[in-house]
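Following: one structure in structure tokens, then a few remarks.
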Amino acid sequence: MLGAVETALASHRAFGDSGYIRDQLAVAYRRRLHKLGRSLPEAESLARQLDAAPPARQRQLLGDTVLRCAVQHAMRQLHLGDDYGLPLPQCAALFQAAGEHLRAGLPGGPLVAHLPPLARLHDEGGPQITDIDHDDTYDDTYTYDDTYIWHAWQEGTPYARAFLAVMEDNYGAPLATPTPQERVLLRRGLHLLETLLPRLTASALSHVQLIALFPKLGTWRGKASSSQFRVNGSVFLNQELTGNPWWLAEHLLHESLHQKLYDFRHGHSLLAPDYARDDGARVCSLWNAPDDDNNHYWDAHRTLAAFHVYVHLALLCLQAERQEATLAPRYGPIGQHMSGSRRAIDRARYLGEQLHSTTWPELGLAGRQMTRWLLDVLDALDTQRRPAGATLHLLLDLYERQSRKLDTFLLQQPPPRSDALAALAQQELAMTRQALHMLDRELPPAPPAQEHDWPQARQRVLQALWPLTEDDKLMERSGYPQAQALIAQMVQQSSRQLGALGALG
């Protein structure tokens, strides 16, 4: 069954087939270049060359992050009047350089053209996986031969300078040239991912032309990996975390899937035109810490992107858990280095429900059809489906993770005043007792010495509440919605207090 799910996710004609998605992306970018060509002859010249190029060459060139940025930035400047991104003369020069690259028959895109062979992600060229079940409308062969690892050796080239300018605008933090050992680690994580999901790996990574490592500096602090719609075709990984192959396999797939969805968005009605308006619907990601900027509230695009990823991660984690005993002698145990299939399924289920109930008006036709299809895929993976509307397990996931952070924080430095911690402990215990009372349950007694110990109090809360997540009949009680809402208030209030103490890093 897992193999059938992988085949569906990698080959569904509209939502999985990378050849189709990238061909539609090429159509969209050629159309934009022709539109720019009314003002920039370099754009029109490039568009004509691309029109005459084979699909594989179009995909290679239009996979280039900088070329895509140049098109998008020029469109905003010429058609929206925005002073945004790379200056128009620089965009024109980049279009001209892309045309020269295409005429010279060079592989890949101009950004990676000057990188040496050792910078390729795959040490012997990416494998090709062909779907022989499809018709011949599209090329169903996926390859990531053109995926490179960023090195600073080419910083003087026009495309590299433009890339660093884009990075400064969007991240404002440096990238790292990988050491030989880090290149080995990246390929080790890739090989593990290929072992677990060969077809899906090839499909997702075909949407990535550049992988870059970042140090834990500036805005990179606190990030494990990153990608974004405005820097399309590139993904970024924390160089300090690449040592574990299970972590690396998950994050390689995670960020590559974001790029696949971004490519789909360029050629399809994924979102309503005004989805990003200030009063647009938002979804609360209950497993993320709340902050003053409400970053834990996601718009329709971010919600759909996370839903898309978590469905795929559910499959990855199921395969990893199934094969761990066989693979552990080579890659070590999974431990805490992957999300886990249950967590991925639970988050995917919640986001899918929220897309239907909260952000449905913000999705385009393709976005709604994709959501329905991914929910069908999730149904095949979720063999122990929770009742609709259940969120307690998601709240306790955050509470438990932050309890571990609190333990670490208190061990590393002198703790805050004990009376302050005792007050926080009493507050959380009181709210938990109240929520349990609504369900005719009680908080088990504890030794008096633990009543004022915040970490111990949090463990009591978890021991009392986790069993409720397995009791489906509790949700039928009239007091359940109020109890769940009170626990949500307690968890989010506690999270803010931990953040104020500096315990969350």
For the chain, with +1 on Lys and Arg beta carbons and -1 on Asp and Glu, the positive-most of Leu210, Gly479, Ala8 along the dipole | Leu210
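Using alpha carbons only, what's the Rg to Rh ratio of region 400-455 with Rh from Kirkwood?
Working: Rg = 12.9 Å, Rh = 12.6 Å.
Ratio value, two decimals: 1.03.
For region 182-320, what is the Kirkwood estimate of the hydrodynamic radius, computed as the reciprocal of the mean inverse distance between distinct Cα atoms, to one decimal in Å? Please report the intermediate quantities before stating the final value.
Numbers: mean 1/r = 0.0621 Å⁻¹.
Every distinct Cα pair counted, the radius reaches 16.1 Å.
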Just the Kirkwood number for region 247-317, please: inverse of mean 1/r across all distinct Cα pairs, in Å, one decimal.
-> 13.5
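Quick one: if the Förster radius is 22 Å, what FRET efficiency do Asp82 and Leu217 give, using the C-beta to C-beta distance and rounding to 0.05?
Computed FRET efficiency for Asp82 and Leu217: 0.15.
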Kirkwood-based Rg over Rh for region 273-313 (C-alpha set), two decimals?
-> 1.00
How far is it, in nm, from the label point at Asp440 to the one at Trp153 when both lie 7 Å from their Cα along the line to the Cβ?
-> 7.2
Determine which residues of region 486-505 fall in the zone a paramagnetic label at Asp471 would reach in this model, i.e. backbone nitrogen under 20 Å from the point 7 Å along Cα→Cβ.
-> 486-491
Dipole magnitude of region 54-126, debye to nearest 20 (Cβ charges: Lys/Arg +1, Asp/Glu -1, about Cα centre) = 180
In the P(r) worked out for region 333-417, what percent of Cα pairs fall beyond 20 Å?
-> 52
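By average Cβ neighbour count within 10 Å, what is the ranking of 62-72, 169-179 from highest down?
On the way: 62-72: 26.2, 169-179: 16.2.
Sorting 62-72, 169-179 by mean packing, highest first, produces 62-72, 169-179.
Find the Cα radius of gyration of region 304-455, compare it with 2.2 N^0.38 Å by division, and give the number to two decimals. Working shown, then result.
On the way: Rg = 20.3 Å, N = 152, 2.2 N^0.38 = 14.8 Å.
Ratio of Rg to 2.2 N^0.38 Å for region 304-455: 1.37.
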Computed on alpha carbon atoms, what radius of gyration and Dmax characterise region 1-124, expressed in Å?
-> 16.5, 53
Positive-end residue of Ala113, Leu304, Leu193, charge dipole of the chain with Cβ unit charges = Ala113
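How much space per residue, in cubic angstrom, does the convex hull of the C-alpha atoms of region 155-204 take up?
Working: hull volume 6.0 nm³, N = 50.
In region 155-204, the Cα convex hull volume per residue is 119 Å³.
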If you take every DSSP beta bridge whose two residues both sit in the chain, what share of them, in percent to the nearest 5, is antiparallel?
-> 55
Order of exposure, largest accessible area first, which applies to Lys260, Lys405 with probe 1.4 Å = Lys405, Lys260
How big is the C-alpha Rg of region 378-505 next to the rule-of-thumb value 2.2 N^0.38 Å, as a ratio?
-> 1.12
Taking each pair of different alpha-carbon atoms in region 30-91 once, compute 1/r for the pair, average those values, and report the inverse of that mean as the Kirkwood hydrodynamic radius in Å to one decimal.
-> 11.8
Taking N as the number of residues in the chain, what is its alpha-carbon radius of gyration divided by 2.2 N^0.38 Å?
-> 1.05
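Assuming R0 = 25 Å, what is the FRET efficiency of Arg103 and Leu164, from their Cβ-Cβ distance, to the nearest 0.05?
Details: r = 26 Å, r/R0 = 1.03.
In this case the efficiency is close to 0.45.
The values are calculated or read from the model by the stated rules, or taken from the named source; none is laboratory data. Since this is a predicted model, take the numbers as computed values, not measurements. All Cβ positions, even for glycine, are placed from backbone atoms using ideal geometry, and neighbour counts span all protein chains on display. The area values use the complete protein model at the heavy-atom level, side chains included, leaving out ligands, DNA and RNA. Shrake-Rupley method; radii C 1.70, N 1.55, O 1.52, S 1.80 Å.
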